[in-house]
1. Sort 127-133, 137-143 by packing, meaning the average of other beta carbons within 10 Å per residue, with the highest value first.
2. Shape of the range 340-391 from its Cα gyration tensor (a ≥ b ≥ c, root eigenvalues): rounded if a/c is under 1.5, otherwise prolate when a/b > b/c, or oblate?
3. Full-extension gain between residue 112 and residue 78, please, as 0.36 nm times their residue separation minus the C-alpha to C-alpha distance.
4. Once all Cα-Cα distances of the range 130-252 are split into 5 Å bins that start at 0, what whole-number percent is in each one?
5. Under the rule a/c < 1.5 gives rounded, and otherwise a/b versus b/c splits prolate from oblate, where does the range 201-277 land using the Cα gyration tensor?
6. Computed over the Cα atoms of the range 300-362, what is the ratio Rg over Rh, Rh following Kirkwood?
7. Kindly identify the range 7-146 as rounded, prolate or oblate by the Cα gyration tensor criterion: order the square roots of the eigenvalues as a ≥ b ≥ c, call it rounded if a/c is under 1.5, otherwise compare a/b with b/c, prolate if a/b is larger, else oblate.
8. Mind checking the angle between helix 202-215 and the chain's longest principal axis? C-alpha axes, 0 to 90 degrees, to the nearest 10.
Ligand SMILES: Cc1cc2nc3c(=O)[nH]c(=O)nc-3n(C[C@H](O)[C@H](O)[C@H](O)COP(=O)(O)OP(=O)(O)OC[C@H]3O[C@@H](n4cnc5c(N)ncnc54)[C@H](O)[C@@H]3O)c2cc1C
């Protein structure tokens, strides 16, 4: 669909060059939030949004509470692209996959078509990590990283009962709790020894695992799925210790990786994500990046709060008032109601150690450096309510 019914008038005060639009690639939370912020400061600057998907506006965090709330993909959509075009006075081209960037000519490529930009914003998210697993039932393996994925997965498991989740990280644990709430039997297989690896210390992980086990999850930790094969009554997942688990579908939640390839091909500097400074500038003139694809001042943070901060400052920068993004203290709440978690991971490479207090599943874990300064925390159970107060004790990423 080309939702091209906008009413964009020319804006003589616009800071962009010529009549070329600001082109935003991606209509996820990053792309649409940026467009909203741009409209607060400039009602007229032409904005063209290109997206590989159907352009519906939705809140991605809701995808892992959809079974609990019994919501279809249609019910999770907050607005179709036509409505976004009206609301934001932008042009949206859906099912339009950008295939290249020519930073010198200031254009993006969609196949043979070249679309010129005044400024380009890469907000094209992260890829699901794909595992190469043997077997005859590949079509029964799903991953949910957008609304279209959610629709496919929901339709596939309609009327079914048994799901195996690969991965015990944030997304795997959230889906386990959600699917159990939705009436499914859930097995989790992961190579780590405890859930939420790298995010929380062992005791906090044990509290979450305990909660999920009590809710009905069967864990197979320290193991991986070696093959997934069709059998008469579903798909049989064979683990590396020989255990076989027969289920109706497999949900892969083994992680996400910022999309960097097209940027790299265009000569932009990439590391874990597309490298940008605090003005969200890439190494190419007039090209910016934000959201899950970006590595901002060394930080790759695949969460909502950082992209909101980026959208606010980038909107100012793109409309003529350069503003560096400022990351404060941004704890993440993990949606496992059987044992809720709020976590502020310590900065990558931070020196220090965890200390844990509390009882049962109500734990407070603090990561302190040698001078006693709190650099991160994990709260579980009832103590999650302390996150705002605790966040005030932690130094912000940027002052
Ligand atoms: C199940 C789940 C639950 C989550 N829960 C939370 C939570 O509770 N709290 C939290 O803070 N974070 C959460 N997150 C993370 C958060 O949702 C993401 O960080 C955020 O939504 C990323 O937004 P984005 O716009 O950068 O990427 P996306 O939403 O992935 O959008 C990328 C866009 O780029 C488009 N695109 C990609 N490639 C191309 C191309 N070549 N050409 C054109 N278009 C392209 C896509 O079609 C899409 O429109 C969750 C994530 C998941 C998967």
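1. So the order, starting with the most tightly packed, is 137-143, 127-133.
2. prolate
3. Result for the pair: 9.0 nm of gain on full extension.
4. 2, 11, 23, 25, 21, 13, 4, 1, 0
5. Details: a/c = 3.26, a/b = 1.63, b/c = 2.01.
Verdict is oblate for the range 201-277.
6. Rounded to two decimals, Rg over Rh is 1.13.
7. Verdict is oblate for the range 7-146.
8. On a 0 to 90 degree scale, this one is about 80.
Read the figures in this text as sums done on the coordinates, not as results from a lab. All figures in this text were calculated on a predicted structure; none of them were measured in a lab. Positions of Cβ are generated from backbone atoms using ideal geometry, with glycine treated the same way; all protein chains shown enter the neighbour counts.
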